[in-house]
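Undergrad: Sharing a structure, written as structure tokens. Questions coming.
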Amino acid sequence: AAGTNQNPPKYYTATKGVRVYANNTITFEGKSPIATVTMDCDSYNGIDYVGNTTATIATSGNTLVYTNASENAGTQLRVKTIKITYAK
């Protein structure tokens with residue numbers, strides 16, 4: 001979701017990944033509680049696009065929300081793959 005940014009996350013065919021801009025959110029909703037979410041991120045020209053250092057994660061029941069929180073443009077999160085592990 002766009003969150004407080006005017007631009008929502010976008011899939012790019014060329015890199016086969018999703019760009020999550022500053023203050024965008026990604027919501028994961030599972031059938032059971034989520035133990036971990038592992039994201040494989042893209043690198044380009046020596047820059048690792050792993051999101052902002054001020055990013056937040058909030059959980060509630062079976063839902064996890066990642067927010068690429070930033071007070072300025074910050075660093076994009078460029079996700080290539082996502083692995084979700086559920087709690088036992």
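Undergrad: Can you pull out every residue in the stretch 43-78 that is of a type in the set (G, A, S), farther than 22 Å from N7 by Cβ and open to solvent by less than 40 Å² (accessible area, probe 1.4 Å)?
TA: none
Undergrad: Continuing with this model, one more query. Tell me the residue from D48, D40 that is modelled with pLDDT of 95 or more and on the phi < 0 side of the Ramachandran plot, please.
TA: Criteria check complete, one pass: D40.
Undergrad: Something else about it: Between residues in the stretch 31-60 that are over 14 Å from V79 (Cβ atoms) and among the small types (G, A, S) and residues that are open to solvent by 60 Å² or more (accessible area, probe 1.4 Å) and outside any loop (DSSP other than H, G, I, E, B), which pairs lie under 8 Å by C-beta distance while being six or more apart or on different chains?
TA: Close Cβ pairs (under 8 Å, with a partner that is open to solvent by 60 Å² or more (accessible area, probe 1.4 Å) and outside any loop (DSSP other than H, G, I, E, B)) amount to S32/Y86; A35/Y86.
Residue-wise test of (1) surrounded by fewer than 16 Cβ atoms within 10 Å (Cβ to Cβ); (2) not aliphatic (A, V, I, L, M).
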| site | (1), (2) |
| --- | --- |
| G3 | no, yes |
| N7 | yes, yes |
| Y11 | yes, yes |
| K16 | yes, yes |
| N23 | no, yes |
| I26 | no, no |
| E29 | yes, yes |
| P33 | yes, yes |
| C41 | no, yes |
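The values are calculated or read from the model by the stated rules, or taken from the named source; none is laboratory data. Because the structure is predicted, anything quoted here is derived from the model rather than measured. Note: ideal-geometry Cβ built from the backbone for every residue, glycine included; neighbour counts use all protein chains shown. Accessible surface is based on the protein model in full, side chains and every heavy atom, while ligands, DNA and RNA are left aside. Shrake-Rupley method; radii C 1.70, N 1.55, O 1.52, S 1.80 Å.
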